[in-house]
Amino acid sequence: CRYLAVQLSPAIPVFAAVLFLFAMATLLRTSFSDPGVIPRALPDEAAFIEMEIEATNGTVLQGQRPPPRIKNFQINNQIVKLKYCYTCKIFRPPRASHCSICDNCVERFDHHCPWVGNCVGKRNYRYFYLFILSLSLLTIYIFTFNIVYVALKSLKIGFLNTLKETPGTYPFTSLTVLTVLEVLICFFTLWSVVGLTGFHTFLVALNQTTNEDIKGSWTGKNRVQNPYSHGNIVKNCCEVLCGPLPPSVLDRRGILQQEESTSQEESCPRVPSAPEPTAAQGPGGQAEESSTRQKDGSLPHRSAVPAPPLSNAEMPEEKQLTSGELPTPSQDAGQAEH
């Protein structure tokens with residue numbers, strides 16, 4: 001606001017612009033960064049894991065429920081269970097979980113945020129926390145200086161006169177009306193944004209995730225202590241917000257292969273085509289038709305089994321052959337062949 005820049009300090013709008021740019025930068029970094037997606041197992045790796053599980057659990061009788069696929073892992077003298085992901089075909093690392101929206105296993109999974117359009121995990125949690133923290137500070141900043149602007153104007157000419165005197169744009173007749181609306185919007189926004197920031201500040205201090213807090217992994221009936229907590233708020237904050245980031249294991253330039261089509265082709269082998277039926281050979285080496293033409297003029301299907309040759313006694317008198325005489329093709333047969 002020019003009024004605050006002139007009356008108080010020109011640093012007020014500058015600081016607001018810096019907060020806005022920082023909030024937008026952390027929002028984009030959270031949205032477009034890899035949260036820590038764990039690659040799925042290759043077919044050979046998945047087959048090897050299945051063999052290990054079968055060797056460990058043994059054969060399961062038909063009708064019986066197979067045992068859960070879990071591995072025990074020790075962290076800080078405490079047993080942590082590694083669960084098997086049936087979608088990714090891997091044993092998930094500690095604190096990892098499968099996101100049903102992204103359909104990927106994410107390392108140190110916190111939650112899936114619809115406002116940033118991405119999962120919040122190990123590699124982008126610090127940017128998400130800085131985003132909601134800067135957004136809370138920006139909301140409080142705007143809310144505070146809007147009240148200061150209205151208060152300074154009201155001290156000079158009164159609140160009602162301020163609403164009437166200050167020029168504005170359509171459909172509002174006063175710039176102060178816009179300021180009052182901003183105060184109301186910021187007031188109701190503060191409860192959600194600042195509350196979310198306070199909740200994640202609590203999780204960072206305890207070195208927990210939202211997923212662990214909702215499931216009650218380290219509280220509730222189990223009463224199991226958090227093996228990842230250092231017992232010190234400063235150390236927990238330094239590990240979550242300032243610790244080294246692991247490199248991304250995603251191959252962004254890789255080519256996605258169509259696994260479904262190849263698996264269907266492998267599961268459905270090609271059936272060899274049946275050989276075409278051949279014409280039956282007669283005693284004289286010529287092809288004989290198994291039947292005559294039908295009434296509609298179409299030829300019936302030929303049988304693959306050759307018809308037995310007729311004996312000399314069964315033949316008509318005109319076609320009976322003497323011993324040593326070769327059969328001669330008739331004219332009708334030759335015309336039929338042509």
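Rolled with a 1.4 Å probe across the full set of protein chains, the surface gives Ile132 an accessible area near 10 Å².
Atom-type composition of the exposed protein surface of region 203-242 places 55 percent of the accessible area on carbon and sulfur (1.4 angstrom probe). Computed from the C-beta positions of Phe15 and Trp115, the FRET efficiency with R₀ = 30 Å rounds to 0.75.
How would you classify region 202-251 from its alpha-carbon gyration tensor, with a ≥ b ≥ c the square roots of the eigenvalues: rounded for a/c under 1.5, else prolate if a/b is greater than b/c, otherwise oblate? It comes out oblate by the Cα gyration axes.
Each label point was placed 7 Å from the Cα along the Cα-to-Cβ direction; for Cys242 and Ala151 their separation is 3.5 nm. The 1.4 Å probe gives accessible areas that order His98, His230, largest first, as His230, His98.
The values are calculated or read from the model by the stated rules, or taken from the named source; none is laboratory data. This structure is a prediction, so every number in the text was calculated from the model and none was measured. With ideal geometry, Cβ positions are generated from the backbone for all residues, glycine too; neighbour counts draw on all protein chains shown. With ligands, DNA and RNA removed, areas are computed over all heavy atoms of the protein, side chains included. Shrake-Rupley method; radii C 1.70, N 1.55, O 1.52, S 1.80 Å.
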